[in-house]
1. For Ser179, work out the one condition from (1) within 55 Å of the chain's Cα centre (by Cα); (2) surrounded by fewer than 18 Cβ atoms within 10 Å (Cβ to Cβ) it doesn't fulfil.
2. How many of the residues making up segment 319-343 are farther than 30 Å from Ile494 by Cβ, at pLDDT below 85 and open to solvent by 50 Å² or more (accessible area, probe 1.4 Å)?
3. Within segment 81-89, does at least one residue satisfy the condition of being under 27 Å from Ser131 (Cβ atoms), open to solvent by less than 100 Å² (accessible area, probe 1.4 Å), out of contact with any helix residue (DSSP H, G or I) (no Cβ under 9 Å at 6 or more places or on another chain) and part of a loop (DSSP other than H, G, I, E, B)?
4. Kindly indicate which of Phe120, Phe95, Phe155, Phe159 is surrounded by 17 or more Cβ atoms within 10 Å (Cβ to Cβ) and more than 24 Å from Phe65 (Cβ to Cβ).
5. If we keep just the residues of segment 563-584 that are among the charged types (D, E, K, R) and at pLDDT below 80, which is most open to solvent (accessible area, probe 1.4 Å)?
6. Output the residues belonging to segment 239-267 that are acidic (Asp, Glu) and in a helix (DSSP H, G or I).
7. Output the residues belonging to segment 58-75 that are assigned to a strand (DSSP E or B), open to solvent by 30 Å² or more (accessible area, probe 1.4 Å) and out of contact with any Leu (no Cβ under 8 Å at 6 or more places or on another chain).
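The values are calculated or read from the model by the stated rules, or taken from the named source; none is laboratory data. Since this is a predicted model, take the numbers as computed values, not measurements. Here the Cβ positions follow ideal geometry from the backbone for every residue, glycine too, while neighbour counts run over all protein chains shown. To get the accessible areas, we keep the full protein, side chains included, count just its heavy atoms, and leave off ligands, DNA and RNA. Shrake-Rupley method; radii C 1.70, N 1.55, O 1.52, S 1.80 Å.
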Amino acid sequence: MKKKIIYLLITVISLIACIFLFNTTSYAGYQDLDNLTYDVKLNKDGTADITETWDVYIYDTNTMFKTFELNATKFGNITNVKVKEILKNGEENEFKKTDTYAYHLEKGSYYGLKTDEDTFEIAWGVSVETSANRVYEISYTVTDAVKKYEDCSEFYWQFIGNTNAIPADHVAGTIKLPSPVSNKENLRVWAHGPLNGEIQIIDNETVSFEVDYLSEETMVEARIVTTDNIFTEKNNIVNRNELEHIIEEETTWADEANKERDRLKREQEIEEKMVKIISIALLVIIAGIFIFFVIKVIKYATLLVRIEKPKPEETMEYFRDIPDETATPAEAGFLYYFDKERDFKKNLSKILSATMLNLALKKAITIDKAEEDEMRITINRDFGKENLKEDEDAIYELLIKVRSYANKDKKRENRESISMKDIEKYAKKHDATFLKIIEGLEKTAKNSQKEKQNYDEKIMQESENWKKKKSGYYIGGFCCMCFGVFGVTLIAAIPMLICGILCGRLQKKTRKLTQKGINEQEKWKALTRFMENFSLLDEREVPALILWDKYLVFATAFGVADKVLKQLKIKYPEISDEEYMASSNYMMIYMMNRYSFERVLTASMQRAYNAGIRERAARQAAASSSYSSGFGGGGGFSGGGGRRRWPEAGMGGR
């Protein structure tokens with residue numbers, strides 16, 4: 001199941017990363033026209049005054065430009081070029097003309113000139129370093145734009161060529177004749193470009209064209225032909241009849257375009273049919289899945305109602321006695337922390353500290369306060385280990401290993417006692433051995449509870465199965481919700497997620513311990529509540545002070561030792577008398593009360609455990625790192641250095 005979750009996370013993160021990169025990747029010098037309009041006024045002398053309005057999004061661009069292919073057989077020249085910016089408040093900013101070609105222009109300047117023998121270019125400086133929306137107006141006059149034949153006059157102009165690199169969301173234009181034609185039948189119009197474009201005659205002197213979603217490298221051109229003599233063109237005259245040829249040419253192109261439209265229409269119809277078939281099939285599948293999971297929901301809901309939540313046969317507020325006199329702190333901790341998502345490992349330092357306190361009670365070791373926040377542990381050589389249980393023996397042997405390791409240090413004298421710092425050093429040097437012993441406490445405690453019939457792996461497996469099902473339904477439901485943007489899979493996602501919720505509730509209602517284990521767990525919890533509140537109870541219900549050494553061991557394992565000490569001071573004021581306590585047999589109570597013994601010990605054991613964890617992680621990372629280069633060719637860090645005596649780089653958390 002962990003692998004499935006990891007794979008899902010990798011997939012989701014990859015999708016998010018792809019979406020993020022797709023949406024954030026920027027391209028230098030990018031432009032996108034929101035709207036491009038043309039206003040064309042044809043004059044009697046055959047010239048054309050053209051005004052282009054560019055509503056454009058610009059990214060990282062210094063200069064905008066438009067080029068024209070020069071061809072004496074099509075038109076004469078381009079003159080009267082002007083460029084200005086239309087500001088948001090409606091004001092106009094006239095650009096300053098320059099007669100010198102430049103690849104990059106200063107902002108607010110423009111030119112309109114021949115850049116080579118065949119190209120005329122209009123360019124203007126915009127200087128947009130990041131991104132911005134701008135509106136520019138470019139105007140120019142085309143001489144000899146109208147060609148005059150014997151039987152008609154023709155205006156044939158390409159507004160956008162195939163070399164265009166700027167896409168446009170919308171392109172539109174109007175072409176105004178110098179005077180109305182006598183009859184609409186005397187006016188013919190055509191346009192070439194994407195098949196979604198349209199051109200139409202508005203009235204006897206106005207033609208309009210429009211294109212939605214024009215991609216790059218797609219042309220737009222218009223052809224206006226009239227048989228009325230409304231132009232006085234003198235230069236661009238061709239002495240032949242051309243109307244019939246124009247109509248024949250345009251008819252051929254129109255037939256080709258219509259065939260393409262028919263093909264696209266057939267493809268669209270096929271696609272629509274396939275979409276319908278796939279949609280119906282998908283609906284059937286989703287409906288089947290939906291019904292399947294609805295049946296599961298009903299099944300799980302019925303089971304949830306029928307199953308009773310596991311609970312102790314007798315609930316109790318307080319339990320005065322230790323439930324199991326033979327239990328070690330690890331065994332008691334296994335039961336106490338079991339319902340809290342099996343939090344044994346998170347509380348290892350408390351359980352380990354309690355185990356050492358129990359070893360001290362059994363006279364296997366002696367623990368003394370050496371200095372502030374430091375403990376010394378003396379291992380009793382003559383102690384008979386037959387009184388120790390398996391988990392206690394493991395910790396006792398660990399302390400012997402630490403002592404042997406510490407005594408190998410030539411800088412310190414050979415002695416029987418060890419400090420908490422010695423344990424931390426051992427944990428760093430022998431992290432594998434240290435962690436194996438420490439983390440093995442849970443396995444040992446579990447085996448012990450099996451023998452006592454408090455824990456059964458078959459019962460636990462049923463709960464784990466519900467947990468796996470819950471995870472599976474959540475993953476499936478989440479995936480369906482991700483694809484739910486298509487609408488259909490949301491139908492399946494809902495019952496799947498409901499199944500996941502029901503499986504989670506079934507997991508909580510399923511027994512994880514045996515009934516005997518649940519009963520004993522309740523006693524340990526009730527004992528904890530008793531230890532936290534015993535000062536409020538009747539004197540007769542409180543154990544004698546001499547018994548509290550044992551209670552404090554389990555209070556340490558359950559993390560309530562500080563509260564117990566506060567209660568003891570209220571119930572037994574004499575423990576605040578240092579002389580009395582120093583001469584008594586209550587040494588553990590004395591040490592914990594005066595020196596915060598339990599707090600210091602637990603903190604020290606946590607540091608030792610963390611040291612082992614860090615060392616193992618560092619060793620694993622080093623094993624997978626790059627090799628160091630002896631000749632300076634790069635690679636991983638080496639273990640040398642330090643001879644230059646650089647100042648130490650300290651780290652802290654203040």
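1. So Ser179 meets the others, but not (1).
2. 5
3. The answer is yes; a qualifying residue exists.
4. Sole residue among the options that is surrounded by 17 or more Cβ atoms within 10 Å (Cβ to Cβ) and more than 24 Å from Phe65 (Cβ to Cβ): Phe155.
5. Glu579
6. Correct list: Glu244, Glu248, Glu249, Glu250, Asp255, Glu256, Glu260, Asp262, Glu267.
7. Once the filter is applied, which keeps residues that are assigned to a strand (DSSP E or B), open to solvent by 30 Å² or more (accessible area, probe 1.4 Å) and out of contact with any Leu (no Cβ under 8 Å at 6 or more places or on another chain), segment 58-75 yields Tyr59, Asp60, Phe65, Thr67, Glu69.
Condition check ((1) touching a Lys or Arg at 6+ places or on another chain (Cβ under 7 Å); (2) surrounded by fewer than 16 Cβ atoms within 10 Å (Cβ to Cβ); (3) touching a residue at least 60 places away in the same chain (Cβ under 8 Å)) across all residues:
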{"site": "Asn164", "(1), (2), (3)": "no, no, no"}
{"site": "Asp169", "(1), (2), (3)": "no, yes, yes"}
{"site": "Leu187", "(1), (2), (3)": "no, no, no"}
{"site": "Ile246", "(1), (2), (3)": "no, no, yes"}
{"site": "Thr251", "(1), (2), (3)": "no, yes, no"}
{"site": "Ile278", "(1), (2), (3)": "no, yes, no"}
